[in-house]
Each structure stands twice: as C-alpha cells, then as structure tokens.
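Have a look at the structure below before the remarks.
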Amino acid sequence: MEAQTVVLPSGKTATLAASPTLTSSENQAPKVVEASNCRVVVFFIGGAGDKESYYMAGPYKNIEFAHDYFRDLIEGAGYLGFYTSHYLAYGEVRGGRDIDKHVYKGIPDKSAPVFIVGHSLGGWNGAHLSKILSEKGYNVEMLITLDPVGEGALVWLGSDIYFSKPEPVSGYWINIRAVPKHPDSSDSVANFGEQWQVVTGPDINVRMDINHADALTMFRNSVRDGVSAADILFESVVSYIEGGCRA
C-alpha cells in the first residue's frame, strides 16, 4: 500500500505509512501489517447507569454516544465493512461466562486487532479485560480509559467489578482523568466509587477539566498537541484496515 493521508476527526491530517506500524509499549520493534481481508473490533464499555440502570438511576448511555460518534466516523470514511463495534455494560465483561458471551464471540479470530474504550467502572473492568484477552492470545492493540473508577471498597461491594487493581496489557494505552473546575452530581458518584489513581503505565496520561459523565467530550478533547483519543483510535483503526490487519 502506498503512503496516504487521512483526515482525523479533529480536522487534522495524518499520513499512513506504506507499511502501517503500531509499536507496543513493551516491544519497540515496529509491527509491519501485511495485506489481507480482516475486521477490526472495538469494544465500548459503559459504567454505572450507562447501558443498564444502577440502583434506579439511568440508563444514561454516556459511552454509547462515543460509540455512535466513532461508528459514524468510520462509516463516513468508507470503512464500515471492515469494522465491528460492541456497546457493553461493565458487568458484561466481568467473569468467564459473561466474557464468553459478550466478548469472545464478538471477535472473529485471535489475529483480529482489538481496541477497548471504557468509561468509569467500564474503564476499570475494560482494563482488566485487556489483560485477560492478551493472556488468551488475543491482539489487544489499544486501551482507552475515560476517567476510570473502581478503587473504593464500597463500590466493589455494590457493583459487578473486579476487586484487584487492573494491570492493563495492550499495545497502546490512553488514560484520561476528569478534574472539573465545576463538579456536578456525576463527579460525586465518581468520588464515591473512587477514581483510579493511574500514575504509571499509560502512553498518554492526562487530566482534563470535564465532568465525569461526559464521556463523549472526554473522547473528543485534545490529549496531546490538539489530537484527541478519538483521533488516535481512528488513525490506528484506519491503518489496520488499509494494511489488511494481519500482523
């Protein structure tokens, strides 16, 4: 494939290499992508009260807005035929039975590039999922955690989340923590669940003046040099599709 320029969601442009590469944070050797037919898989995992109600609150569909926004971008770029996305609740990715039902069956094979976008409790469980999939031999290329929550013992008691702190495994990790100047009720909920204090690990780790519930804006706001998490995800997904996805 010849090198070509794509327009990112932000309006900025990026050049896809003739042989697209994505370098793991653990393995700095470039991964060359050869031509073949494929399908890229992206999981969007919501938090409390997102896809399902949470103690009579919601559903608010915060991460679904990000899911639909990104799907429209892929469709507008003409790549929908090579793209599969899944909108899941955080409880649908915890435990072997749920992962088998909602995750494994949504991935065509272990060579397919997998991307995970999780918000709130979905960021916490999504980070755990990245390790589970990687240890099973799946190809987790990117993890995006949008203000992940789950460190509080009380929220663990009342929610279907993993107790232990996640140890993500993915080729690239973007983490965003919400630190709003004007908190609202969603930030109180995040404080109750206790935001995950991510100090080391992510390739991009930023604090953003935004309310916890606003997953879509978190996804679309700049995380580095005017480029958003959505931009970075879009460029990576398109690189794999253009290259054929087979590593």
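The values are calculated or read from the model by the stated rules, or taken from the named source; none is laboratory data. Since we're looking at a predicted model, the values are computed, not measured. Positions of Cβ are generated from backbone atoms using ideal geometry, with glycine treated the same way; all protein chains shown enter the neighbour counts.
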Return the residue satisfying two criteria in turn: it lies in the stretch 161-194 and is of a type in the set (S, T, N, Q) and more than 17 Å from the chain's Cα centre (by Cα), and of such residues it is farthest from TRP124 (Cα to Cα).
SER185
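Give the residues of the stretch 117-146 that are within 11 Å of VAL169 (Cα to Cα) and within 13 Å of the chain's Cα centre (by Cα), sorted by residue number. It would help to see each step written out before you state the result.
Going through the stretch 117-146, the residues within 11 Å of VAL169 (Cα to Cα) turn out to be 126-135, 138-143.
Once the filter is applied, which keeps residues that are within 11 Å of VAL169 (Cα to Cα) and within 13 Å of the chain's Cα centre (by Cα), the stretch 117-146 yields GLY126, ALA127, HIS128, LEU129, SER130, VAL140, GLU141, MET142, LEU143.
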Looking only at the stretch 51-69, filter to residues that are among the aromatic types (Phe, Trp, Tyr) and out of contact with any Leu (no Cβ under 7 Å at 6 or more places or on another chain); which one of those is modelled with the lowest pLDDT?
TYR55
